[in-house]
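Here's the structure, in structure tokens; my notes come after.
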């Protein structure tokens, strides 16, 4: 059996609106293995982004436990400071978002290399170029984000997320701002990365069709995982 | 790999007009600051130079003379007081004295001077002792007088220009209607000597019927001599008063201190306005880049990294603005000196605003320190942005 890279036990996240308690994630337990490509789908407000934020150490849960590589990250007795969360994030995770969030004043290559400015885990300019080549946008290296298409911007964001050689890639609606053709291309890229780099990918999406590209599909509703589908054999 | 400084610099270029306006604010403050400090330094240096150019550190004169001399210059009165020239012999023996020169000041009304006439100053001097004390005076044409009783004049640079005289020309002393021969014209010295006409002492005493009388004694002290001791001794002489040029300097600097305080206040206000401008610019920039900063934290930036990034932006603004201001101050130092000269009751000759490398470095360090202080709050605020808040703020927009 594969070693779980992420293990959540009874994770719960409750938001307060006045005196009212709104559970966004409700007692979710799951295991994600190294190299898995997992899609999380569900309607708006189902808690999928909140769950991914907790799994990606962007947020603390209200209760429950989270283990990363067998190490306890959150538990009843342990909550992490923003500084500790940042350390874990930069050592383990890469993030891509619906809105790309590229720095508009930096070129494509500079955007890709930016994480190394803050945290030098591995990689040089060659590493950045290698990623751009892998994603098929090396010819855009000196362009500014405003000069390239949405699909290319998302590829740049993926390259930026990969430059620190993360173990887990979190993709929150990575195709939300792209047309169908480019959406398929981006998901293919994620799939290839997962297959070829032993990278664990967690993708949140509205699009059921795209979600089916993953090894596993988790469907969330009202803060709970309603259904799990395993397509691992399809991926091979 | 791109550095934090490059990221900061590129970000400042994002809002060019805003960055430029902030730069202008900093540059203006730096300009005011450099000019003020340059004025402080320059005024004192120019005053010292003027006093050094007098050639002597003490002046002895008949009691009441300075005030009467002033009246004379203003109204053309004739109330000058005199002291016997024999006093030279008693003072020259004092151990503190290196050299001494007697001077007879006289003024006549010249109806041809200016639009409605003016006072022309004549200094009766001993060529030997006077030229020894004022060895820095150089001749543009000619030389000192041929003998002590000659009817000859040496003209200061401006006096010669005004009267349009050259060596060999004649000049008529108004009121006395006596003709003198111009035997020398001095180079411009930047002192009051430029406007003076020098006559042999004995000749002037004869012309004004003041045999063996003088108005002023210039006394040059020996190196490291005790000036106050000599002053005390001179005060014991009857009807003599002593003016120390150090005192004159102190008095003038005292008068100027009010102007300095006012200019300093303006500089402080300008600096405070520039600081507020910097804080505002950087805060706005942080606010606009709320999500971007949050994302930087998701890709590995620690709070200290963000703090540094924002702080570097402030430093870049202040460094460029400071250098620009210093450049402006250097370029316009002469014009600033002229403006200040118009505003002050008395200003020495020479440049009033003196900007040297030390002053430039002091100002640059001061501007950078102010920049660092201004950047603390926006940088701290940016460092505290949580990535999740940044992402959620996008979702709520």
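Descriptive notes on the structure:
- Computed E for residue B:212/residue B:49 - FRET, C-beta separation, R0 35 angstrom, nearest 0.05: 0.55
- Length-normalised contact order of region B:83-177 in % [C-alpha pairs under 8 Å, at least 6 apart]: 22 percent
- Cut-off 13 Å (backbone N to label point 7 Å along Cα→Cβ of residue B:389), residues of region A:63-105: A:82
- Relative to the dominant Cα principal axis of chain B, helix B:333-343 is inclined by about 60°.
- Using a Förster distance of 25 Å, the FRET efficiency for residue A:133-residue A:188 (Cβ separation, nearest 0.05): 0.95
- Over the protein assembly as shown, all Cα pairs binned in 10 Å intervals from 0 give whole-percent P(r) values of 3, 13, 17, 13, 9, 7, 7, 7, 8, 8, 6, 2, 0, listed from short to long.
- Share antiparallel - DSSP beta bridges, chain A, percent rounded to 5: 55 percent
- Cα centroid separation - region B:275-302 against region A:130-172, whole Å: 23 Å
- Kirkwood radius and radius of gyration were both taken over the C-alpha atoms of region A:66-223, and their ratio Rg/Rh is 0.97.
- In chain B, Cα pairs under 8 Å separated by at least six residues give a relative contact order of 28 percent.
- For chain A, built as a Gaussian network whose Cα springs stay under 10 Å, the top-fluctuating residue of A:70, A:150, A:18: A:18
- For B:282, B:103, the sequence from fewest to most other C-beta atoms within 10 Å is B:103, B:282.
- Summary value for chain A: 27 percent relative contact order, contacts being C-alpha pairs under 8 angstrom separated by 6+ residues.
- With the simple spin-label model, which puts each label point 7 Å out from Cα in the Cβ direction, the residue B:5 to residue A:76 separation comes to 5.3 nm.
- With Cα atoms, 0 to 90° folded angle of helix B:65-75 axis to chain B main axis: 80 degrees
- Rounded, prolate or oblate (a/c below 1.5 giving rounded, otherwise prolate when a/b exceeds b/c) for region A:178-220 by Cα gyration tensor: oblate
- 10 Å Cβ neighbours from other chains, averaged over peptide B:1-14: 4
- Candidates B:45, B:191, B:258: whichever shows maximal mean-square fluctuation once chain B is modelled as a Gaussian network with Cα springs under 10 Å: B:258
- Using alpha-carbon coordinates, inclination of helix A:150-162 to the longest axis of chain A, degrees: 70 degrees
- Label positions at residue A:198 and residue B:175, each projected 7 Å from the Cα along the C-beta direction, are separated by 10.9 nm.
- Per-pair calculated FRET efficiency, R0 = 41 Å: residue B:113 and residue B:356 via Cβ, rounded to 0.05: 0.55
- If the segment from residue B:99 to residue B:228 were pulled out straight at 0.36 nm per residue, it would be longer than the present Cα-Cα gap by 44.7 nm.
Rule-based calculations on the coordinates, nothing more; no lab input. Remember, it's a predicted structure, so these values are computed and weren't measured experimentally. So basically every Cβ, Gly included, is an ideal-geometry build from the backbone, and we count neighbours across all protein chains shown.
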